[in-house]
Amino acid sequence: MADVEEIRAQALEVAAGWSAPGAPESWRLTAGLLKAIAAHDDLLEGLSVLPADRLPALVGNAAVSWLVARDRPEPLAAYFPEPGKPQPDFDDGFFPAVSAFFSARRDDIVAVCRGRRYQMNEVARCTQVALGLAATASEPVALVDLGTGAGLGLHLDRYRYQAGDHAFGPPAAGLSLICELRGTRTPQRWDLPPIAARAGIELRPVDLDDPGSRAWLQACTPPEASALSRLAAAIEVARQHPATIVAGDAVAALPGVLDRLPPRRPVIVTDAYLAVFLTGEQRAQLTGILAAAARTRPVTWLSLDPLIPLGPTGDQSVQGLALPAALVRDYQRHGVFALLSARTFPGDEGGRLLARAHPSGQWAEWIDTPVPLAN
């Protein structure tokens, strides 16, 4: 079971990513909701009945959003955006309103959490992954997305992107994504390789034709107006272009998925915030599976993950890459961010550290430097 202080730390860590200096006004609700969860001891005690791998702080956050959308409690509901509408104003009245809701509905929140799993489908992260895909492949590839959720990450080539001053992707796409590029370096390549085959793996695939499933995805999305609009547009793209999603454990099901791909086709295996939740043994199994598959074709693992262990003490790459000490210090001092990195098999020489990235796709700082494997 989860520990109360671990849940509190998890909520505050994610809140820090949404409340950095210069953060948009529309992010205040997301940060405020997580900070309120961290401050409410009774709710934290209720969430502690959940297994730690269910991410109690995040599933609790989603449960609150789900109940607010369903029941529209006042005055709290007035702070939450609705799809297609602007972000409501945020003021000091939010904290007493949400604390009162936690106290009155604590058992309801916990009951929702018991029956559901957190499903983070922030499609804005696709810009960061697309930059990595363009940087690592130019010929047609087969794409495998681990922990794909609703499969939104399988449609990288169907979205339009604005990364800094550079636009790429189909101009008539049904969804456009914007990502700030920080720092002085920029990618050398922008065009995505053709995706010749695609498949995802998800423990419990999401049925996008089911209104209840779509409502839970919306609840798991940060309560920010543009995030809800992105989700709605991405769902429509995925419904128009059904992709293969295999039900199962991401590591255990991967060999079978790889075996069914077109032979000799280069493979890009992507994961966004999945490998960080695997055990060390599971990450070792994943690496072994990719190395074995690379005996007959090039295989690249493109990872978008925070450092491990998850939390403010994180100091290691999920891919086993050696990280610069200054980067680790910055991570531990200023809150969670993800690393976009690529490791290509066969070979044990290391990989490429491509970028630092905001957890919800809002910015990327391009690095693109080779790094060895950690000792």
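The values are calculated or read from the model by the stated rules, or taken from the named source; none is laboratory data. Worth saying up front: this structure is predicted, and the values here are computed from it rather than measured. Counting neighbours? That spans all protein chains shown, and the Cβs are built from the backbone with ideal geometry, glycine included.
Residues of the stretch 333-355 include none that is hydroxyl-bearing (S, T, Y), modelled with pLDDT of 90 or more, out of contact with any helix residue (DSSP H, G or I) (no Cβ under 9 Å at 6 or more places or on another chain) and on the phi < 0 side of the Ramachandran plot. R297 fulfils the conditions (1) closer than 15 Å to A197 by Cα; (2) touching a helix residue (DSSP H, G or I) at 6+ places or on another chain (Cβ under 6 Å); (3) not small (G, A, S) except for a single criterion, (2). Within the stretch 285-319, if we keep just the residues that are buried (at least 22 other Cβ atoms within 10 Å of the Cβ) and assigned to a strand (DSSP E or B), the residue that is farthest from the chain's Cα centre (by Cα) turns out to be V299.
Here A234 does not qualify as more than 26 Å from D157 (Cα to Cα) and in the same structural domain as G200 (by TED's automatic domain parsing).
So which pairs qualify, if the first residue must be in the stretch 68-87 and over 14 Å from P222 (Cβ atoms), the second must be among the small types (G, A, S) and assigned to a helix (DSSP H, G or I), the Cβ gap must be under 7 Å, and the two must be at least 6 apart or on different chains? Sorted first by the residue in the stretch 68-87, then by its partner, the pairs are P75/A97; L76/A97; G84/S229; K85/A225; P86/A225.
Regarding Q282, is this residue surrounded by 15 or more Cβ atoms within 10 Å (Cβ to Cβ) and out of contact with any helix residue (DSSP H, G or I) (no Cβ under 8 Å at 6 or more places or on another chain)? For Q282, the condition - surrounded by 15 or more Cβ atoms within 10 Å (Cβ to Cβ) and out of contact with any helix residue (DSSP H, G or I) (no Cβ under 8 Å at 6 or more places or on another chain) - is not met. No other residue among F94, F102 is in contact (Cβ under 8 Å) with a residue 40 or more places away in the chain, assigned by TED's automatic domain parsing to the domain that holds A16 and under 12 Å from P223 (Cβ atoms) apart from F94. Applying the criterion of at least 1 residues that are more than 30 Å from V267 (Cα to Cα) to the helices (runs of 4 or more DSSP H) found wholly in the stretch 49-147 leaves 56-71, 94-114. Which of (1) buried (at least 16 other Cβ atoms within 10 Å of the Cβ); (2) at pLDDT below 95 does I245 not meet, given it meets every other one? Condition not satisfied by I245: (2).
If the condition is being surrounded by fewer than 21 Cβ atoms within 10 Å (Cβ to Cβ) and over 16 Å from Q128 (Cα atoms), then the stretch 346-368 contributes P346, G347, D348, E349, G350. Quick check on A38: is it in contact (Cβ under 8 Å) with a residue 12 or more places away in the chain, out of contact with any His (no Cβ under 9 Å at 6 or more places or on another chain), farther than 19 Å from Q119 by Cα and among the aliphatic types (A, V, I, L, M)? Yes; evaluated as a whole, the condition is true for this residue. Do you know which of the residues in the stretch 175-215 that are among the small types (G, A, S) and surrounded by fewer than 19 Cβ atoms within 10 Å (Cβ to Cβ) is nearest to V237 (Cα to Cα)? Ranking the qualifying residues of the stretch 175-215, first place goes to S176.
Rundown of residues vs (1) more than 18 Å from S65 (Cβ to Cβ); (2) touching a residue at least 12 places away in the same chain (Cβ under 8 Å); (3) in contact with a helix residue (DSSP H, G or I) (Cβ under 8 Å, 6 or more places away or on another chain), yes/no style:
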| residue | (1), (2), (3) |
| --- | --- |
| C179 | yes, yes, yes |
| R182 | yes, yes, no |
| Q188 | yes, yes, yes |
| A227 | no, yes, no |
| A252 | yes, no, no |
| P263 | yes, yes, no |
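Does the stretch 299-309 include one or more residues that are modelled with pLDDT of 95 or more and among the hydroxyl-bearing types (S, T, Y)? So far as the stretch 299-309 goes, yes, one or more of its residues are modelled with pLDDT of 95 or more and among the hydroxyl-bearing types (S, T, Y).
For the structure I just gave you, tell me whether Y118 is touching a residue at least 60 places away in the same chain (Cβ under 8 Å) and either aliphatic (A, V, I, L, M) or crowded, with 17+ Cβ neighbours inside 10 Å (or both). Taking the combined requirement at face value, the residue satisfies it.
Against the numbered list (1) buried (at least 18 other Cβ atoms within 10 Å of the Cβ); (2) more than 30 Å from M1 (Cα to Cα), G60 comes up short only at (2).
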